[in-house]
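The values are calculated or read from the model by the stated rules, or taken from the named source; none is laboratory data. These numbers were taken from a predicted model, which means no experiment stands behind them. As a convention, Cβ positions derive from the backbone with ideal geometry for all residues, glycine included, and neighbour counts pool all protein chains shown.
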Amino acid sequence: MSTVLVTGGAGFIGSHVVDALLEDGHRVVALDDLSGGCAENVTSPAVLVKGTILDTALLNTLFNEHRFDYVFHLAAYAAEGLSHFIRQFNYANNLIGSVNLINAAVNAKSVKCFVFTSSIAVYGANQVPMSEEMVPTPEDPYGIAKYAVEMDLKAAHEIFGLNYVIFRPHNVYGERQNIGDPYRNVIGIFMNQILKGEPLTVFGDGSQTRAFTHISDVAPIIAKSVEREAAYGQTFNVGAEKPYSVNDLARTVADVMGVPTKIRHLPPRNEVVHAFSSHEKVRSFFGELIQNVPLKRGLERMASWVRQAGARQGKPFTTIEIRHNMPPSWARLTDAS
């Protein structure tokens, strides 16, 4: 039985990875600062430790105590659009915190593999479908931080022999998602707005496209990756195949929630217009684990959970570093907080 650390383990994706690891018989320690996740997401017998990857003393204590065999690094503040306006916070949490964790894993000398969830934000614009052979050109601080961690892992392997696997998930949704977050996870935002009787807010004309991925097509693959040494040193796109426009998504969400479609278009924001990736590589390594959950079916599963969970009150980000060119709807959130 292996002992595993999952950072961000109380979050949406992290908690599903914890469940998959428990099913495979691992001992799991979930580290989370509970800024986006909640303790109820962590299933027993996993051990929840409240803390941050910015706390190097805590990391050293955990690695010394548990002698982790594997590390799954899912802790991040994954607000791609907002990252332009919280640059210091973004790099501290998404880059420096990751380096702290890599340092601890190297120094422990017990870690057989370090699994990192990056993002297709590393690719930037005008590269669809995005494939692992492309040279990343990220366009926002979030994508830049993720790509820097990818490069640091490769350097750590060359110098210290730390094995790694990198996943680039995209637009993941499903049960346990923080639907109260006003800056990220458009499906959660839409469902929360419907529960509150509000129109669905869409930046720009809604023609931008994404491939929306149910969590069951991501978490089991991430959890199994450490068992497949052929995957070590590899980078994988992971997610749904078929892209949809945001307008089409809004109509489908309204349909599964049983309400008429009411969209309020906001001024466009600076974002990659079309973002979806190819998945030939992940199929060749993990094909039997891919369920290919259709969008409507996945939305129905999430909607069932959302109705039980109820509407959530969003928490505006209170430490905005740059307000210039911020989307007006986000600026109003900050002003109201």
- prompt: Regarding Pro199, is this residue at pLDDT 95 or above and either under 29 Å from Thr318 (Cα atoms) or among the polar types (S, T, N, Q) (or both)?
  reply: yes
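Let me confirm something: among Ala231, Ala336, which residue is at pLDDT 95 or above and either small (Gly, Ala, Ser) or within 22 Å of Gly206 (Cβ to Cβ) (or both)?
Values: Ala336 fails: at pLDDT 95 or above.
Unique residue meeting the criteria: Ala231.
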message: Can you find a residue that is surrounded by fewer than 24 Cβ atoms within 10 Å (Cβ to Cβ), under 16 Å from the mean Cα position of the chain (by Cα) and not charged (D, E, K, R) anywhere in the range 103-111?
response: no
message: Kindly evaluate Val71 against the criterion of being outside the structural domain of Ala309 (by TED's automatic domain parsing), in contact with a Phe, Trp or Tyr (Cβ under 6 Å, 6 or more places away or on another chain) and either under 20 Å from Ile166 (Cβ atoms) or assigned to a helix (DSSP H, G or I) (or both).
response: yes
Residue, farthest from Leu59 (Cα to Cα), within the range 1-49, restricted to residues that are in a loop (DSSP other than H, G, I, E, B) and among the acidic types (Asp, Glu): Asp24
query: Can you find a residue in the range 150-170 that is surrounded by 18 or more Cβ atoms within 10 Å (Cβ to Cβ), within 21 Å of Lys281 (Cα to Cα) and modelled with pLDDT under 95?
result: yes
message: Among the residues that make up the range 53-62, is at least one of them part of a strand (DSSP E or B), buried (at least 24 other Cβ atoms within 10 Å of the Cβ) and among the aliphatic types (A, V, I, L, M)?
response: no
- request: Residue by residue through the range 21-34, note down the ones that are buried (at least 21 other Cβ atoms within 10 Å of the Cβ) and small (Gly, Ala, Ser).
  value: Ala30
- request: Give the residue that is farthest from the chain's Cα centre (by Cα), with candidates limited to residues of the range 35-82 that are farther than 20 Å from Ile13 by Cα and among the hydroxyl-bearing types (Ser, Thr, Tyr).
  value: Thr61
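Hand me the list of helices (runs of 4 or more DSSP H) wholly inside the range 92-202 holding 1 or more residues that are closer than 23 Å to Val218 by Cα and not assigned by TED's automatic domain parsing to the domain that holds Phe317. Give the derivation first.
Values: elements: 97-108, 141-160, 186-195.
Fully inside the range 92-202 and qualifying: 97-108, 141-160.
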query: Looking only at the range 239-288, which residues are surrounded by 15 or more Cβ atoms within 10 Å (Cβ to Cβ), of a type in the set (Gly, Ala, Ser) and either touching a His at 6+ places or on another chain (Cβ under 9 Å) or closer than 29 Å to Leu195 by Cα (or both)?
result: Gly239, Ala240, Ser245, Ala250, Ala254, Ala275, Ser277
message: Can you find a residue that is in contact (Cβ under 8 Å) with a residue 60 or more places away in the chain and out of contact with any helix residue (DSSP H, G or I) (no Cβ under 9 Å at 6 or more places or on another chain) anywhere in the range 76-98?
response: yes
Among (1) hydroxyl-bearing (Ser, Thr, Tyr); (2) farther than 29 Å from Phe203 by Cα; (3) surrounded by fewer than 24 Cβ atoms within 10 Å (Cβ to Cβ) - the single one Ser15 does not satisfy: (3)
